[in-house]
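The values are calculated or read from the model by the stated rules, or taken from the named source; none is laboratory data. Fair warning: this is a prediction, and the values are worked out from it, not measured in the lab. Please note: Cβ atoms are built from the backbone with ideal geometry, for glycine as well, and neighbour counts cover all protein chains shown.
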Amino acid sequence: MVLRRASAAAGVASTEPEGRRGPGEGPVLSVRDLGKDYLIGRGERRVAVQEVSFDVGRGEFVCVVGPSGAGKTTVLRCLSGLTPPSRGEVLLDGVPIARVADHVGVVFQDYSRSLFPWMSVAANIALPLRVRKVPREHQRKTVSAVLTQVGLDPDVGGRYPWQLSGGMQQRVAIARALAFEPELLFMDEPFASVDAQTRAELEDVVQEIHDRLSVTVFFVTHDIDEAVYLADRVIVLSRSPAVVRDIVNVPLPRPRNQLETKGGPEFNELRRRVFQLVAGGT
């Protein structure tokens with residue numbers, strides 16, 4: 001992992017919070033009775049998330065699906081520290097989440113808003129490193145490394161986001177999230193705005209990053225095929241106000257292949273099961 005080695009060599013203080021655990025010492029994320037309400041005027045509240053509980057294991061790839069408006073993004077925002085829950089508890093490495101932690105990365109659906117158009121690709125990716133006062137030479141090496149990890153030539157760093165295709169911009173957004181080597185990566189429908197071919201390519205980019213770096217991924221999607229293809233487990237939410245309908249284990253072997261994996265009978269049976277749950281069946 002480029003940044004951690006570089007920071008240690010340069011004598012840069014670690015950004016990891018006290019209490020961060022190593023592999024095999026319990027779940028990285030624990031969610032207990034999470035609920036979220038929104039004020040809609042005159043003291044009235046709308047319950048968006050009723051009660052959600054689950055654990056995410058270290059190095060696991062978990063996808064969340066559910067009907068439109070179920071509260072999938074609300075759950076992700078509460079878990080990542082972007083939005084405070086109304087009730088319940090979210091623990092990251094056993095510590096209650098009060099804000100977005102230093103070792104957590106977030107990738108959003110709208111890459112055009114998450115990247116700064118007046119900054120070069122390299123400057124966009126290096127932004128979290130500059131905030132952490134990582135030396136410039138190590139910033140440069142890390143930018144080059146993460147661009148390679150997401151399948152882009154490091155020379156792309158000299159261009160601007162608006163000069164890139166949508167798929168390339170989302171790769172840059174993923175690279176920025178990887179730049180400070182997050183322990184946990186939240187992804188909120190990151191491929192919803194790209195075409196089907198680019199989506200398949202990006203699915204494989206994220207799968208390869210997860211498998212190679214053992215980063216924990218919490219991935220929200222409305223696409224059932226995508227969820228089954230990527231996940232170790234699929235959390236299925238009910239209609240709003242959300243509860244967990246079921247958690248489906250996905251024992252498909254890794255690495256996975258778009259044609260072979262999605263064409264197999266086990267994939268189709270898992271897809272049928274998840275679709276049935278999302279549609280409200282049993």
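Any chance you could count how many residues in region 202-221 are assigned to a loop (DSSP other than H, G, I, E, B) and modelled with pLDDT of 95 or more? The total comes to 1. Can you work out which of the residues in region 34-63 that are small (G, A, S) and not in a strand (DSSP E or B) is surrounded by the fewest Cβ atoms within 10 Å (Cβ to Cβ)? Looking at the filtered set, the residue picked out is G43. Return a yes/no flag: does region 230-243 have any residue that is buried (at least 20 other Cβ atoms within 10 Å of the Cβ), without any contact (Cβ under 8 Å) to a residue 60 or more places away in the chain and under 20 Å from G59 (Cα atoms). Within region 230-243, none of the residues are buried (at least 20 other Cβ atoms within 10 Å of the Cβ), without any contact (Cβ under 8 Å) to a residue 60 or more places away in the chain and under 20 Å from G59 (Cα atoms).
Of all residues in region 154-167, those satisfying the criterion of being in contact with a helix residue (DSSP H, G or I) (Cβ under 6 Å, 6 or more places away or on another chain) and either hydrophobic (A, V, I, L, M, F, W, C) or under 20 Å from K141 (Cβ atoms) (or both) are P154, V156, G157, R159. Looking only at region 168-184, count every residue that is in contact with a helix residue (DSSP H, G or I) (Cβ under 6 Å, 6 or more places away or on another chain) and not in a helix (DSSP H, G or I) and tell me the total. Of the residues in that region, 3 qualify. Filtering region 115-140 to residues that are more than 20 Å from M168 (Cα to Cα) and either surrounded by fewer than 15 Cβ atoms within 10 Å (Cβ to Cβ) or in contact (Cβ under 8 Å) with a residue 60 or more places away in the chain (or both) leaves L129, R130, V131, R132, K133, V134, P135, R136, E137, H138. Looking across region 96-114, the residues that are surrounded by 14 or more Cβ atoms within 10 Å (Cβ to Cβ) and in a strand (DSSP E or B) come down to V104, G105, V106, V107.
Quick one: would you say V75 is among the hydrophobic types (A, V, I, L, M, F, W, C), outside the structural domain of V172 (by TED's automatic domain parsing) and part of a strand (DSSP E or B)? Spelling it out, it is not the case that V75 is among the hydrophobic types (A, V, I, L, M, F, W, C), outside the structural domain of V172 (by TED's automatic domain parsing) and part of a strand (DSSP E or B).
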